[in-house]
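Report on one structure; see the data block that follows.
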Amino acid sequence: MRVHDLLPGRGGAHGSPAAGGDGAGGGGTGAVPGAIAGLRLLGGEPAALQRPVTGTSTVDLLDPGRYVGVAHLVLTGLVWRREAADSERFVAAVAEAGASALAVGEGLLGEVPADVVQAAHRHGLPLFAVPADLPFHEVSAHVAAATAPGAGTGSAGHDGAVQRLLRGLAEGRSLAEQAGDVAAHLGSPVRVLSATGRQVVPGPAPLSEDEVDDVVLRAARAGAHGGSGPALVHPAVGALQVRAVAAEDPAERWWVLVDAGAPAGAVALFDALAGAVAVHRRTAAAPPAPRGGVVVVLAEGACSARALADALADVPHRLQVTSGGATAVVEARPDLVALLRRRLLRLQPSLASRRLLAGASRAGEGGEEAVAGARRALAAARAGTGGVVVVEDTDTGTVLDLLRTVPARERTAFARTVLGPVLADAELLGTLRTHLRHGCSPTRTAHALHVHQNTVRYRVGRLEELLGRNLRDVADLADVHVALRLHDDLRGDLHGDPGDPGGHGGVAQ
């Protein structure tokens with residue numbers, strides 16, 4: 001059933017307490033046995049009302065997350081609410097846990113407080129009011145009756161599908177065929193993602209890269225926090241359950257995606273499919289060899305070889321495992337480094353305290369020149385910050401390229417020592433940046449800043465006073481110039497600016 005099916009106006013009056021008589025629900029002839037008389041919808045976007053409801057969770061704790069079932073209708077009597085601010089905390093936890101909707105009893109306060117309504121709206125959670133004369137157990141009974149497996153869809157109905165899947169494994173059928181059979185049996189799409197978010201089985205329509213980011217991040221966080229059962233995500237294609245395919249290393253887990261409303265009796269089928277995915281993960285064919293121009297990628301870290309192999313599995317390449325890392329020769333393509341960076345970053349929530357570093361040569365280089373470029377990039381990655389750092393070689397012969405081999409802590413200390421007195425003054429710092437960019441010419445600086453030349457001269461004088469440097473002295477000017485470049489470079493590292501993925505050799509993490 002879907003969230004909107006709970007409303008009596010949807011045709012389910014025969015399943016309401018008033019019509020059913022026994023309080024169990026589902027005993028009448030209404031089209032929607034889960035519809036409940038008296039329940040009122042207080043808010044919910046049309047798309048959210050299409051979410052599946054697979055059961056109910058009754059909670060009255062301020063931190064209810066661990067007690068909320070995926071795709072459940074959450075029932076609460078507001079016992080947890082002491083002040084208006086509590087509503088945001090409670091509703092956020094319910095939404096994060098993957099609930100499909102929230103139903104609030106009016107027995108305690110006589111109404112649903114406005115702050116609860118507003119919090120539900122902020123988190124995109126459909127909200128129902130439960131009148132004081134409608135017990136929660138009757139709501140739960142109605143949902144249970146409406147979501148009970150029908151004829152042919154219970155565990156016995158899934159046994160045949162499990163047997164077919166197991167036979168397919170023995171016969172060596174492809175994972176796409178196996179997933180397609182399961183999807184046909186369930187009547188809903190099945191997708192498979194690798195650890196780095198490659199869409200091994202994309203289903204009827206591939207997810208966007210942003211949707212893949214969301215799926216993998218939320219599922220990985222759920223696993224890292226000890227969450228039980230599947231995570232729930234809401235990409236544009238509809239609510240999905242994300243089930244992990246176990247691996248010794250959390251960074252090697254793959255993911256099976258099924259409709260959030262998939263029947264509870266299909267657990268054995270999902271387990272069998274997870275087994276098929278695990279077999280495919282171990283036995284997938286090697287990728288073809290690269291042709292034409294290549295890029296050399298050096299990776300470092302305990303899981304770097306397997307991570308690199310996964311991230312590049314659909315790109316022609318050759319991989320060699322080395323001591324503490326791996327070397328890959330990859331077919332050049334315009335988006336290669338951006339693709340590698342995005343996929344490896346998806347592993348970060350599963351790495352714990354480990355680091356995964358990679359450096360890539362520039363396209364068009366070959367032989368020792370490409371290897372040297374990859375080494376420079378890997379050295380810059382080591383000096384970067386963050387659990388996953390991917391750097392493309394952009395060595396242009398500047399002093400900044402040399403300084404990127406210095407640890408980030410020392411670069412930061414130098415920049416702060418030189419620029420410290422003006423770092424908090426955005427106007428002076430911006431003037432300094434523009435002044436240096438325009439060859440220290442007051443005329444050109446004034447034109448670029450749309451101010452008078454006297455204003456520029458005043459600001460430059462103020463900069464010299466605060467910095468204790470003469471910006472007409474070559475040595476002082478060099479120190480200030482390098483410090484400003486390091487400051488801007490490190491700021492790009494910390495922000496991971498995707499709009500400048502290395503035009504100045506910036507580290508994206």
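The values are calculated or read from the model by the stated rules, or taken from the named source; none is laboratory data. None of these values were measured; they are calculated from a predicted model. Please note: Cβ atoms are built from the backbone with ideal geometry, for glycine as well, and neighbour counts cover all protein chains shown. We work out accessible area using only protein heavy atoms, side chains counted, and drop any ligands, DNA or RNA first. Shrake-Rupley method; radii C 1.70, N 1.55, O 1.52, S 1.80 Å.
For first residues located in the range 41-70 and more than 14 Å from Val143 (Cα to Cα), partners that are part of a loop (DSSP other than H, G, I, E, B) and of a type in the set (Phe, Trp, Tyr) and lie 6+ apart or on another chain with Cβ distances below 8 Å form the pairs Asp60/Trp80; Leu61/Trp80; Leu62/Trp80; Pro64/Trp80. Scanning the range 464-485 for residues that are of a type in the set (A, V, I, L, M), surrounded by 14 or more Cβ atoms within 10 Å (Cβ to Cβ) and within 43 Å of the chain's Cα centre (by Cα) gives Leu467, Val480, Val482, Ala483, Leu484. When Ser188, Ser140 are checked against the criterion of being part of a loop (DSSP other than H, G, I, E, B) and of a type in the set (S, T, N, Q), Ser188 stands alone in meeting it.
Can you pull out the residues in the range 191-205 that are over 15 Å from Leu269 (Cβ atoms) and either in a strand (DSSP E or B) or in contact with a Gly (Cβ under 6 Å, 6 or more places away or on another chain) (or both)?
Restricting attention to the range 191-205, the residues satisfying the condition of being over 15 Å from Leu269 (Cβ atoms) are 191, 193-205.
If the condition is that a residue be over 15 Å from Leu269 (Cβ atoms) and either in a strand (DSSP E or B) or in contact with a Gly (Cβ under 6 Å, 6 or more places away or on another chain) (or both), then Arg191, Leu193, Gln199, Val200, Val201 are the ones that fit.
Of all positions in the range 409-419, at least one carries a residue that is over 34 Å from the mean Cα position of the chain (by Cα) and surrounded by fewer than 19 Cβ atoms within 10 Å (Cβ to Cβ). Screening Thr443, Thr417, Thr412, Thr434 for residues that are assigned to a helix (DSSP H, G or I) and closer than 19 Å to Ala379 by Cβ leaves exactly one candidate, Thr412. Selection within the range 244-265: residues that are modelled with pLDDT under 85 and surrounded by 23 or more Cβ atoms within 10 Å (Cβ to Cβ). The member of this set that is farthest from Ala145 (Cα to Cα) is Ala260. I'd like the full set of residues that are of a type in the set (S, T, N, Q) and open to solvent by 80 Å² or more (accessible area, probe 1.4 Å), limited to the range 454-463. The one that is of a type in the set (S, T, N, Q) and open to solvent by 80 Å² or more (accessible area, probe 1.4 Å): Asn454.
For the range 274-294, which residues satisfy the criterion of being surrounded by 19 or more Cβ atoms within 10 Å (Cβ to Cβ), aliphatic (A, V, I, L, M) and out of contact with any helix residue (DSSP H, G or I) (no Cβ under 6 Å at 6 or more places or on another chain)? Within the range 274-294, Val277, Val294 qualify. Screening Ala92 with (1) of a type in the set (A, V, I, L, M); (2) out of contact with any Asp or Glu (no Cβ under 6 Å at 6 or more places or on another chain); (3) within 15 Å of Gly43 (Cβ to Cβ) gives one miss only, at (3). Considering each residue of the range 118-135, count those that are in contact with a Gly (Cβ under 7 Å, 6 or more places away or on another chain) and open to solvent by less than 50 Å² (accessible area, probe 1.4 Å), and give that number. Of the residues in that region, 6 qualify. Select from the range 381-400 the residues that are modelled with pLDDT of 85 or more and part of a helix (DSSP H, G or I) and write down the one among them that is least open to solvent (accessible area, probe 1.4 Å). Out of the qualifying residues, it is Ala381.
Under the condition of being at pLDDT below 80 and basic (Lys, Arg), the residues counted in the range 219-243 number 1.
Answer yes or no as to whether Val451 is modelled with pLDDT of 90 or more, assigned to a loop (DSSP other than H, G, I, E, B) and either crowded, with 19+ Cβ neighbours inside 10 Å or on the phi < 0 side of the Ramachandran plot (or both). The answer is yes for Val451.
Taking the range 165-185 as the range and being surrounded by fewer than 16 Cβ atoms within 10 Å (Cβ to Cβ) and either in a strand (DSSP E or B) or charged (D, E, K, R) (or both) as the test, the residues that pass are Arg167, Glu171, Glu177.
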